[in-house]
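What follows is calculated from the coordinates using simple rules that are stated; it is not laboratory data. On a predicted model such as this, the values are computed, not experimentally measured, just so you know. With ideal geometry, Cβ positions are generated from the backbone for all residues, glycine too; neighbour counts draw on all protein chains shown.
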Amino acid sequence: MDFDVEVHFRAVERSVSSLKRDGKLARAVTLVRGYSTTIKDLWDVLTHAERIPRWFLPISGKLELGGRYQLEGNAGGRITACEPPSHFALTWEFGGDVSWVEARLTDDGARGARLALTHTALDSEHWEEYGPGAVGVGWELAAAGLALHLAQPTAPKPDEAALVTSREGKAFVAGSSEGWRQAAVASGADPDAARVAAERTAAFYTGESV
């Protein structure tokens with residue numbers, strides 16, 4: 001598989017912020033990436049039940065405002081906002097925890113369209129252990145898969161498990177983890193704690209020891 005680590009790594013803008021959600025401390029992880037397609041097509045590939053499995057995971061449910069969805073082997077939840085072709089939001093319910101995902105799409109003119117995806121979760125021990133890369137790396141892998149699909153719509157979906165254990169995949173995960181470490185430090189995180197969290201995250205995705 002043709003996977004250019006540097007191209008995918010440099011295509012992403014990463015940021016981390018702290019906020020209040022339901023009166024509690026929460027952390028927001030935001031990924032921004034541009035795609036060589038129209039905003040209408042980007043919306044379709046992100047929200048159409050037949051297209052989502054080609055770059056992400058099989059999905060079931062009602063993909064409409066107020067409907068519930070379920071990703072195979074992963075999260076489910078409720079769609080809380082739907083404003084085609086620029087904005088949708090949903091709850092992300094997994095393992096007894098609830099977090100929130102929001103996507104905003106913008107027209108980038110001749111360069112295509114841009115996706116800004118924000119995943120917000122309440123502060124927790126999981127955050128302290130893994131930091132923003134816990135969700136950031138996963139979404140970055142999905143964003144890369146989306147780019148591959150848009151570039152070659154009829155090509156088979158890459159095997160993510162095989163990718164992250166390949167030489168290119170390990171390099172990508174390491175780079176992504178480092179990128180989220182830098183974003184965490186820029187947001188005010190302790191540098192040593194951010195480094196340890198990034199190492200744990202990279203090890204989790206590649207199956208290697210810290």
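Data table
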item: Added length on full extension, which subtracts the Cα-Cα distance from 0.36 nm per residue, GLU50 to ARG200; result: 50.6 nm
item: Counted charge near GLY34, where neighbours are those whose Cβ lies closer than 10 Å (Asp, Glu -1; Lys, Arg +1); result: +1
item: Rounded to whole Å, sorted largest first: equivalent-ellipsoid semi-axes of the stretch 5-206, Cα gyration tensor; result: 25, 21, 17
item: Within the stretch 41-119, trypsin sites (Lys or Arg not before Pro) in DSSP loop having at most 11 other beta-carbon neighbours inside 10 Å; result: none
item: The chain - charge dipole about Cα centre, Lys and Arg +1 at Cβ, Asp and Glu -1, debye rounded to 20; result: 380 debye
item: Candidates per GluC sites (Glu not before Pro) in the stretch 6-54, loop by DSSP, up to 13 other Cβ within 10 Å; result: GLU50
item: At R0 = 41 Å, FRET efficiency that the Cβ-Cβ distance of ALA162 and SER187 yields, to 0.05; result: 0.80
item: The stretch 79-176 shape via C-alpha gyration tensor axes, a/c threshold 1.5; result: oblate
item: Estimated FRET transfer efficiency (GLN70, LYS24; beta-carbon r; R0 22 Å; 0.05); result: 0.25
item: Estimated 222 nm signal from helices in the chain, with DSSP H stretches of n ≥ 4 weighted -39500 (n - 2.57), rounded to 500; result: -12000 deg cm²/dmol
item: The chain: relative contact order as a whole-number percent, Cα under 8 Å and 6+ apart; result: 22 percent
